[in-house]
Amino acid sequence: MNLDQAIQQRRSIRGFTDQPVSRDLLEEIIALANRAPSSMNTQPWHLHVLTGEPLERVRKGNTEKMLGGVPPSREIEDYAAYEGPHRERQIEIAIQLFEAMGIERHDAEKRQDWVMRGFRQFDAPVSVVVCFDRSLLDNTIAHFDTGAMTYGLVLAAWSRGLGAVINGQGIMQSPVVREVANIPEDQVILTCVALGWPDEDFAANSVVSRRRPESNTTRFLGFDNASS
């Protein structure tokens, strides 16, 4: 698969088979992601790759705390509620996913189960916990750089037949993740990536999010045929 194919075909995968992912393949993918650019080559990211019993402990801890009413606890500043067109796009993808999964608006049980899947890391066989150096907590460029690496990670995974979804729900109870993964205190948990072999029979995996046209995102200036 070439780069164009990986970018065009990649989509978020939220249903996985129970087939394990080899450490060799994960190391290959991470080596590619590690080539991401960063401000002045600072390379602020750290990855903690969980599978098996440690991942099950994270799933259990996340689920118990969320069902027990424990407020979310993230290590980065939480984002404000989306508004305007951002909120509209957020609702649109939720509708696409619920329609694919046959979840009716009034079906509270199925909607709750869908939410809990996120806290269980979508039952993926692998979770990559993405962190960056705490000394850069107030440096927004470090967030940007770590995001670039994370995108490279999911593209590299996709090019090798693996599926992934960048999943903030998976670290919503960050103290659980930190304790189980024994993450050093000089690192901040940013997000995680649920990763594994896609389950082709899982309906939500067919969902492709709609994208804004380039004319809505991009301006060209100084070109002969440009329009303002």
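The values are calculated or read from the model by the stated rules, or taken from the named source; none is laboratory data. These numbers come from a predicted model, not from an experiment. Cβ atoms come from the backbone with ideal geometry, glycine included; neighbour counts cover every protein chain shown.
List of remarks:
- Qualifying positions in the stretch 75-107 - of a type in the set (Lys, Arg) and modelled with pLDDT under 90: Arg105
- When each of Phe122, Phe132, Phe144 is tested for being under 27 Å from Met101 (Cα atoms) and of a type in the set (Phe, Trp, Tyr), the lone residue that passes is Phe122.
- Subset of the stretch 2-36 [surrounded by fewer than 12 Cβ atoms within 10 Å (Cβ to Cβ) and either of a type outside the set (Lys, Arg) or modelled with pLDDT under 95 (or both)]: Asn2, Leu3, Asp4, Gln5, Gln8, Gln9, Asp18, Gln19, Ser22, Asp24, Glu27, Ala31
- Residue count, the stretch 112-133 (criterion: over 23 Å from Gly163 (Cα atoms) and surrounded by 16 or more Cβ atoms within 10 Å (Cβ to Cβ)): 2
- Among the candidates Ala156, Ala148, residue that is in contact with a Ser or Thr (Cβ under 9 Å, 6 or more places away or on another chain), assigned to a helix (DSSP H, G or I) and at negative phi: Ala148
- Test: residue in the stretch 95-102 that is farther than 19 Å from Leu55 by Cα, among the polar types (S, T, N, Q), touching a residue at least 60 places away in the same chain (Cβ under 8 Å) and out of contact with any Leu (no Cβ under 7 Å at 6 or more places or on another chain): yes
- One residue alone among Thr191, Thr146 is closer than 19 Å to Gln43 by Cβ, in contact with a Leu (Cβ under 6 Å, 6 or more places away or on another chain) and among the hydroxyl-bearing types (Ser, Thr, Tyr), and that residue is Thr146.
- Taken over the stretch 1-31, the criterion of being closer than 24 Å to Arg134 by Cα and touching a Leu at 6+ places or on another chain (Cβ under 9 Å) is satisfied by Ile30 alone.
- The numbered conditions (1) surrounded by 14 or more Cβ atoms within 10 Å (Cβ to Cβ); (2) modelled with pLDDT of 95 or more are all true for Asp186 except (1).
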